[in-house]
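Please read the structure below before turning to the comments.
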Amino acid sequence: MEFQSPPIPKLYLLLCLSFILLLSSFHAHASGYNFRFCAEDANYPVKISRLEITPNPIVRARRAKFKIFAASDHVICGGKWVIKVSYMGLIVHKKMYDLCEAMSCPVDATKFTLSRTQRMPLFAPQGIYTVEISLRNRINEPFTCITFNLKIVSTFLGSS
């Protein structure tokens, strides 16, 4: 005699799968944004532990907040913060900021957070952008460098 389990309604399966996906999206948001170091074998003096970007995805013509959680074994006395954005392999934006304007220098050898809010361009094409953020000392040597993909959506499709 063959045992048959009762049929599971498709709606029940869909609800279970939706719940699992919802939980995984909360976990992904809580653990931060995926990034990789520019040079995998580099021994950067500044270690980035977490990257947060809100909202996700980014909505064009609206503000986005980038937050970097890092730690350093060295005192940081100055330098620059370089942001490079590429779309379809072409650099579409490059900007340098004074590191000491983003945080109070000197920064002791400790954990610190860098934060920047930026209004996205109105006419940015929807799609996936590659962003590289590097922190450099006064003689242009890298403190650290990360890269990540960023999705920009239309204001009509995105939420407020």
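The values are calculated or read from the model by the stated rules, or taken from the named source; none is laboratory data. Since the structure is predicted, the reported quantities are computational estimates derived from the model, not experimental observations. Note: ideal-geometry Cβ built from the backbone for every residue, glycine included; neighbour counts use all protein chains shown. These accessible areas exclude ligands, DNA and RNA; they are computed on the full protein's heavy atoms, side chains included. Shrake-Rupley method; radii C 1.70, N 1.55, O 1.52, S 1.80 Å.
Only residues that are part of a strand (DSSP E or B) and more than 18 Å from the chain's Cα centre (by Cα) were counted in the stretch 74-90, giving 3. Going by the conditions given, is residue 8 open to solvent by 80 Å² or more (accessible area, probe 1.4 Å), among the β-branched types (Val, Ile, Thr) and either modelled with pLDDT of 95 or more or not in a helix (DSSP H, G or I) (or both)? Yes: the conditions hold for residue 8. Can you tell me which residue within the stretch 121-143, out of those that are open to solvent by 30 Å² or more (accessible area, probe 1.4 Å) and of a type in the set (A, V, I, L, M, F, W, C), is nearest to the chain's Cα centre (by Cα)? The qualifying residue nearest to the chain's Cα centre (by Cα) is 128.
Suppose the filter is among the β-branched types (Val, Ile, Thr) and either open to solvent by 70 Å² or more (accessible area, probe 1.4 Å) or over 22 Å from residue 141 (Cβ atoms) (or both); does residue 110 pass it? So residue 110 does not fit the description; no.
Does residue 128 meet the test of being assigned to a strand (DSSP E or B), closer than 19 Å to residue 37 by Cα and in contact (Cβ under 8 Å) with a residue 60 or more places away in the chain? In short, no. Residues in the stretch 43-73 that are in a loop (DSSP other than H, G, I, E, B), closer than 19 Å to residue 32 by Cβ and open to solvent by 30 Å² or more (accessible area, probe 1.4 Å): 55, 56, 57. Filtering 152, 68 for residues that are out of contact with any helix residue (DSSP H, G or I) (no Cβ under 9 Å at 6 or more places or on another chain) and either free of Cβ contacts under 8 Å to residues at least 60 places away in the same chain or within 25 Å of residue 40 (Cβ to Cβ) (or both) leaves a single hit, 68. Here residue 122 passes the criteria (1) out of contact with any strand residue (DSSP E or B) (no Cβ under 6 Å at 6 or more places or on another chain); (2) in a strand (DSSP E or B) except the one numbered (2).
Selection over the stretch 74-105 of residues that are open to solvent by less than 40 Å² (accessible area, probe 1.4 Å) and either within 21 Å of residue 43 (Cβ to Cβ) or touching a residue at least 40 places away in the same chain (Cβ under 8 Å) (or both) gives a count of 9.
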